[in-house]
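Worksheet: one structure, shown below.
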Amino acid sequence: MPTRLSNYFLRTLREDPSDAEVTSHRLLVRAGYIRRQAPGVFAWLPIGLRVKAKIETVVREEMTNAGAHEVHFPALLPREPYELSGRWDEYGDALFRLQDRKGSDMLLAPTHEEVFTLLVKDLYNSYKDLPLSIYQIQDKYRDEARPRAGLLRGREFTMKDAYSFDYTDAGLDESYQAQRDAYERIFTRLGLEYVIVKADAGAMGGSKSEEFLHPTPVGEDTFVRSAGGYAANVEAFTTIAPPARDWTNLTGAEVLDTPDTPTIQTLVDRANSAHPRPDGRAWTAADTLKNVVLTLMQPDGTRELVVIGLPGDREVDLKRVEVAFAPAEIEAANETDFARHPGLVKGYIGPWSAAGAVLGEKSATGIRYLVDPRVVDGTGWITGANEHGRHVFGLVAGRDFQADGTVEAAEVRFGDPAPDGSGPVELARGMEIGHVFQLGRKYAEALGLKVLDPNGKLVTVTMGSYGIGVTRILAIIAELNNDEKGLIWPPEVSPFDVHVIATGREQVVFDTAESVALAIEGTGRDVLYDDRPKVSPGVKFGDAELIGVPKIVIVGRGAADGIVEFWDRRTGEREQVPVAEIAARLG
RNA sequence: CGGGGCGUAGCUCAGCUUGGUAGAGCGCUCGGUUUGGGACCGAGAGGUCGCAGGUUCGAAUCCUGUCGCCCCGACCA
């Protein structure tokens, strides 16, 4: 039977909801697909559920094609597995934690690596059982600091998460590739533009990781790409270190007075006026070495000071720093930190002073000192002399100071060279719609998942994890497919295939509409039939446009003559069609 | 966590500056008319003005506190 609007649980709103800003959120609420329950938490109404199911169908079909089997875990889980993997602590405030009546800690899962691993451990113990790929479509919970943009960034969201289990690295590569291929098919079928970028494996652990980003200015990920085909999340971008230089002909370092120069700009100005370069070229920010003091807060509560040295024309990219020091949290050093290290003179910090090394694990302060990869041996810098109002000029890396290592902390800029030599990169914004990871043995090791290999040896299983944000995809599709009147669904995900409208008061209209709806349904299509009596045509047309089913059939004034109208929601074109031909006309 | 905005009927909002019996449009109910672009007439139902305290003869309105929501930023495997 067609779904009849007269008794469907659907209520459209005439006006935009006041708490919805972004288009997808606004339209999905207004057209009766979802309702907000709490910040970042939404209820799904029947028509919304249909769209969600359509997307899930595409995902399921491609998971099946990739050889993965569907399972379903609870969202509510005990603490223990997450304690064993370390994520109970590492996940921090983003984890929804709760206790049962006995006081046992539980959580609402942000992802399910641990329990999938334990399930396989329970049931499998031979290499003959592998490879294995299993997946679920489940709601995930993350207590985001600031949920926003409706479904695009919620605290509860539906995700397809798949996990692969292999006993060899080559097997993992194959399983990973199968999921990656499936993702390409899924996004292609859904008509979603995507870019595959190298990603940081982050706190998930593991090695190889790629993100599927949908390029959009409202995306919250920044990625870089080169004309030569390199693509990476900025968090995963690696800087090419220039070759080390010979310093034998460089003059010695010299401490000079530079009063009132606490910032790079004031320093460059003062250097040019008071201490011009011998070769006549002006000093620039790139000649200075900026030293930023940060505090690392480890999950176990330990606090460490670290100083990062980078060219003065580069800003620190906090996201990249976070990645570099994960899972530690980064904070700016506070007054207490400076008070504890009188050797650091705020505004004039450098790795060296007339008295010797100031930064580095073997220095007077013992503070770990990491530098940007561009700070190679033989490069000379203007940097703080650890005396108020004084800088050291011509301080040469490798000769005058030693760093404890390099760190990817500097911002990535337009024109920076791609690490694979494929040319300069440009920056763009994208929204993460999928993520594939080679987890390796982190979880299997922590939870003891081993199998006997062909030689009878116990080996730790290697895993992959693969996520797709189902509800986020739904929101992006809505974001991409609409006009000022409402939604316009792509056929593959539309809640219904055809929307039949009966408009008029004569019985023949409703009789005709009824038979047309049934006839169309008879061809295997889902039909939404607006059979509401006493609702004016304007309202029905408006609702149809808002709801966004791409194909609309209007049964009205031509009904008595056996004529109905086909209305293409996307183009707005209308066409008179004899009743007998309408089902065929729908293609 | 920092900055900004907003809490009044189911929805969207006015009223607050300058204190005096709670408003509009839409939606909803009943009766009637109307039916190809959000119709009309008549009669209705519906609100602890976010919450608490204070000032006052009297508070939606002024003061203090508090809670919540939205937006920007920070944060975001």
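Please tell me the relative contact order of chain A in percent, rounded to the nearest whole number, where contacts are Cα pairs under 8 Å and at least six residues apart.
Computed over chain A, the figure is 18 percent.
In whole percent, and with a 1.4 Å probe on the protein chains, what portion of the accessible area of chain A is carbon and sulfur?
Working: 13170 of 26260 Å².
Accessible surface attributable to carbon and sulfur in chain A totals 50 percent.
For A:Met463, A:Met106, what's the largest-to-smallest order of accessible area, 1.4 Å probe? Present the calculation step by step, with values, prior to reporting the outcome.
On the way: A:Met463 0, A:Met106 40 Å².
From most exposed to least exposed: A:Met106, A:Met463.
At most 16 other Cβ atoms within 10 Å and a DSSP loop assignment: could you name the chymotrypsin sites (Phe, Trp or Tyr not before Pro) in region A:49-115 that fit?
none
Could you work out the relative contact order of region A:1-126, using alpha carbon pairs under 8 angstrom and six or more residues apart, expressed as a whole percent?
Taking the mean separation of contacting Cα pairs over the length of region A:1-126, I get 14 percent.
Ranked highest first by average number of other Cβ atoms within 10 Å, how do A:338-345, A:159-166, A:374-381 line up?
Working: A:338-345: 15.5, A:159-166: 25.4, A:374-381: 18.9.
Ranked from most to least packed, the peptides come out as A:159-166, A:374-381, A:338-345.
What dipole magnitude, in Debye to the nearest 20, does region A:354-423 give about its Cα centre under +1 on Lys/Arg Cβ and -1 on Asp/Glu Cβ?
Values: 6 positive and 10 negative charges, 53 e Å.
Dipole about the Cα centre, nearest 20: 260 debye.
Please compute the length gained on full extension between A:Arg4 and A:Ala355, using 0.36 nm multiplied by the number of residues separating them and subtracting their Cα-Cα distance. Please list the in-between numbers first.
On the way: separation 351, 0.36 × 351 = 126.36 nm, distance 8.53 nm.
So the extension gain works out to 117.8 nm.
Sequence neighbours fewer than 8 away in the same chain don't count; with that in mind, list the aspartates and glutamates whose C-alpha is under 17 Å from A:Lys485.
List returned: A:Glu15, A:Asp16, A:Glu21, A:Asp543, A:Glu545, A:Asp568, A:Glu573.
Please report the spacing between the Cα centers of region A:150-175 and region A:226-268 in Å, no decimals.
Cα centroid of region A:150-175 versus Cα centroid of region A:226-268: 39 Å apart.
Of A:Gly394, A:Ala326, A:Val307, which is farthest along the charge dipole of chain A in the positive direction, counting Lys and Arg as +1 and Asp and Glu as -1 at C-beta?
A:Ala326
Would you mind calculating the relative contact order of region A:254-406 from Cα pairs under 8 angstrom and at least 6 residues apart, reporting the percent as a whole number? Before the final figure, lay out the partial values.
Values: 298 pairs, mean separation 38.9, N = 153.
Averaging sequence separation for qualifying contacts and normalising by length gives 25 percent for region A:254-406.
Could you tell me the calculated FRET efficiency between A:Asp483 and A:Asn65, based on Cβ-Cβ distance and R0 = 45 angstrom, to the nearest 0.05? It would help to have the intermediate numbers written out before the result.
Working: r = 34 Å, r/R0 = 0.76.
So, using R0 = 45 Å, E works out to roughly 0.85.
Principal axis extents for chain A, Cα atoms only, whole Å, descending order, please.
Answer, in whole Å and largest first: 100, 67, 50 Å.
Quick one: 3J(HN,Hα) in Hz for region A:152-166, Karplus 6.51/-1.76/1.60 with θ = phi - 60°, rounded, Gly and Pro as x.
For region A:152-166, the Karplus curve yields 5, 9, x, 9, 10, 8, 8, 9, 8, 10, 10, 9, 10, 10, 9 Hz.
Quickly estimate the mean residue ellipticity at 222 nm for chain A, helices only: each DSSP H run with n ≥ 4 gives -39500 (n - 2.57), and the total goes over all residues, rounded to 500. All intermediate terms of the calculation are to be shown ahead of the outcome.
Values: 14 runs with 143 residues, N = 587.
So the calculated ellipticity at 222 nm is -7000 deg cm²/dmol.
Hey, got the dipole for region A:254-406? About the Cα centre, +1 on K and R Cβ, -1 on D and E Cβ, debye to the nearest 20? All intermediate terms of the calculation are to be shown ahead of the outcome.
Working: 15 positive and 22 negative charges, 43 e Å.
I would put it at about 200 debye.
Taking only the alpha-carbon atoms of region A:254-406, what semi-axes of the equivalent ellipsoid follow from 5 times the gyration tensor eigenvalues under a square root, in whole Å, largest first? Don't skip to the end; give the middle numbers.
On the way: eigenvalues 136, 50, 42 Å².
Calculated on Cα positions only, the semi-axes equal 26, 16, 15 Å.
Which of the pairs A:Lys54/A:Lys540; A:Lys128/A:Lys208; A:Lys140/A:Lys540; A:Lys54/A:Lys450 have their Cα atoms more than 32 Å apart in this structure? Numbers along the way, then the final one.
Working: A:Lys54/A:Lys540 25 Å; A:Lys128/A:Lys208 25 Å; A:Lys140/A:Lys540 37 Å; A:Lys54/A:Lys450 38 Å.
Flagged as over cut-off: A:Lys140/A:Lys540; A:Lys54/A:Lys450.
If you put +1 on each Lys and Arg Cβ and -1 on each Asp and Glu Cβ, how big is the dipole of chain A around its Cα centre, in Debye rounded to 20? Please list the in-between numbers first.
Numbers: 66 positive and 88 negative charges, 195 e Å.
Dipole magnitude for chain A comes out near 940 debye.
Based on the mean of other Cβ atoms within 10 Å per residue, sort peptides A:438-447, A:355-364 so the most packed one is first. Each step should come with its number before you reach the end.
Values: A:438-447: 21.3, A:355-364: 16.9.
Taking the mean over residues of other Cβ atoms within 10 Å, the ranking is A:438-447, A:355-364.
Can you run phi through the Karplus equation (6.51, -1.76, 1.60; θ = phi - 60°) for region A:97-111 and list ³J(HN,Hα) in whole Hz, with x for Gly and Pro?
Once rounded to whole Hz, the list reads 10, 8, 10, 8, 5, 8, x, 6, 6, 9, 8, 9, 5, x, 6.
For chain A, what is the accessible area per residue in Å², given a 1.4 Å probe and the full set of protein chains? Don't skip to the answer; put the middle values down first.
Working: 26260 Å² over 587 residues.
In whole numbers, chain A has 45 Å² accessible per residue.
Taking H as built 1.01 Å from N, whose amide H comes closer than 5 Å to the amide H of A:Arg390, not counting residues under 5 places away?
Distant-sequence amide H within range of A:Arg390: A:Thr258, A:Ala385.
Could you name the aspartates and glutamates whose alpha carbon sits less than 17 Å from that of A:Lys442, not counting residues in the same chain fewer than 8 places away?
Here the aspartates and glutamates satisfying the reach criterion relative to A:Lys442 are A:Glu80, A:Glu83, A:Asp89, A:Glu90, A:Glu113, A:Glu114, A:Asp166, A:Asp169, A:Asp173, A:Asp200.
The values are calculated or read from the model by the stated rules, or taken from the named source; none is laboratory data. All figures in this text were calculated on a predicted structure; none of them were measured in a lab. Please note: Cβ atoms are built from the backbone with ideal geometry, for glycine as well, and neighbour counts cover all protein chains shown. Please note that ligands, DNA and RNA were not included when accessible areas were found on the heavy atoms of the full protein model with its side chains. Shrake-Rupley method; radii C 1.70, N 1.55, O 1.52, S 1.80 Å.
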